[in-house]
Amino acid sequence: MLPDLQQRLAQAIHDYSYADPRSKQSRDGILGPSDLGFCRQKAVLTTREVARTDETNEAAARIGTAIHRYVAQAFAQANQGWIADSEKVTATFPSGVAISGTPDLICPSDNAIIDVKTVDGFEWVKRNGTSQNHKYQRHAYALGAMQAGLLDGSQTVYVGNMYIDRSGKEPEPFFIIEEFDPSLTGEVDSWIGDVIYAVKNGEDASRDIPAAVCEKICPFFTACRGGLEVHDGGTLIEDAELLAAVDMYVEARELSSHAEQMKKEAQRALSGINGSTGTYQVRWVEVAPTTIQSFEKAGYLRMDVRKVRK
Ligand code: SF4
């Protein structure tokens, strides 16, 4: 029966993603470069192989994995000297901790590592730059590639992210490529040290992600925060990423109202004008009156951001 077929098709995708080597590595309690710099408590729970307690929406991650495979094939075809998603490297940090993973792209001729990220639009990354998580990840890959002799550490090494808009609205990728920063090695090592200390001593590590975000993205939410007070409206927002998101929203709202005002003033200046500038055609079109039947609009969640009254 068709409903059963639908279920089996959806299940096939679910099973395929469950068997993905990276998902398996995480379930086996092995930290990889993509865990670095995200949440130390999540790294602790992963290392302890704590069972996942919450279902999270994996759709974006699956689409990201599919795009990664496509991009890896494109890189491999484009340049035989590029090592595209095919060479596992191990970064050994000063403490002796070793983290292994497979970079999306090693370009020996350019002495560069490129890590591909799929995102929903570029505004966030253009405004806020590379996240700590992405910086630590590409740093670990570059360190491992240097230690394996695939990149030349005596010359300038480049680490970068290539962002692809998974919505397809942005036609070209966006890049952030920087010089490898050796001082980050100690910082990443100390982050890993916090995780190891907590695991060895049976303690919790720092919960680096705000609860409101955790609830949406973390499969350990109940195990980690289930017994803690969960804040709702009225909480003081202190997390740097959330503060940046509020600033971005307010700025976008101001830009949009400024843009509306600009459109109105320009329309007044062009009232009754029909013609072409050579680049743009201007036409005034008579729109016939229409009767809109009354209808019921579905309820939705509206975000309200306004200045706090002092
Ligand atoms: S619930 Fe939040 S703080 Fe806890 S492990 Fe997950 S991401 Fe980290």
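The values are calculated or read from the model by the stated rules, or taken from the named source; none is laboratory data. In this text, all values refer to a predicted model and were calculated from it rather than measured experimentally. Here the Cβ is made from the backbone with ideal geometry for all residues, glycine too, and neighbour counts use every protein chain on show.
Among the strands (runs of 3 or more DSSP E) confined wholly to region 91-197, which include 3 or more residues that are within 28 Å of L243 (Cβ to Cβ)? Before you say what the answer is, go through the steps one by one.
Details: elements: 98-101, 105-107, 112-119, 158-165, 174-179.
Output list reads 112-119, 158-165, 174-179.
Inspect region 69-91 for any residue being under 30 Å from E203 (Cβ atoms) and surrounded by fewer than 17 Cβ atoms within 10 Å (Cβ to Cβ) and give the result as yes or no.
Yes, region 69-91 contains at least one residue that is under 30 Å from E203 (Cβ atoms) and surrounded by fewer than 17 Cβ atoms within 10 Å (Cβ to Cβ).
Name the residue that is modelled with the lowest pLDDT, counting only residues in region 24-46 that are within 16 Å of the ligand (Cβ to nearest atom), of a type outside the set (K, R) and part of a helix (DSSP H, G or I).
Once the filter is applied, the top-ranked residue is S26.
Any residue in region 206-217 that is among the polar types (S, T, N, Q) sitting within a Cβ distance under 7 Å of a residue that is more than 6 Å from the ligand (Cβ to nearest atom)? List the pairs, counting only those 6 or more apart or interchain.
S206/R40; S206/D194
Of the residues that sit in region 255-310 and are within 30 Å of A245 (Cα to Cα) and among the small types (G, A, S), which one is surrounded by the fewest Cβ atoms within 10 Å (Cβ to Cβ)?
Among those that are within 30 Å of A245 (Cα to Cα) and among the small types (G, A, S), it is A298.
If you go through region 49-80, how many residues are part of a helix (DSSP H, G or I) and in contact (Cβ under 8 Å) with a residue 60 or more places away in the chain?
Of the residues in region 49-80, 5 are part of a helix (DSSP H, G or I) and in contact (Cβ under 8 Å) with a residue 60 or more places away in the chain.
Would you call R166 surrounded by 15 or more Cβ atoms within 10 Å (Cβ to Cβ), away from the ligand (no atom under 14 Å from the Cβ) and either within 18 Å of the chain's Cα centre (by Cα) or among the basic types (K, R) (or both)?
The answer is yes for R166.
Go through region 198-225 and give me each residue that's more than 12 Å from V44 (Cβ to Cβ), part of a helix (DSSP H, G or I) and of a type outside the set (G, A, S). Steps first, please.
So the first thing to find is which residues in region 198-225 are more than 12 Å from V44 (Cβ to Cβ), and the list is 209-219, 221-222, 225.
If we keep only those that are part of a helix (DSSP H, G or I) too, we end up with 211-217, 221-222, 225.
Those that are more than 12 Å from V44 (Cβ to Cβ), part of a helix (DSSP H, G or I) and of a type outside the set (G, A, S): V213, C214, E215, K216, I217, F221, T222, R225.
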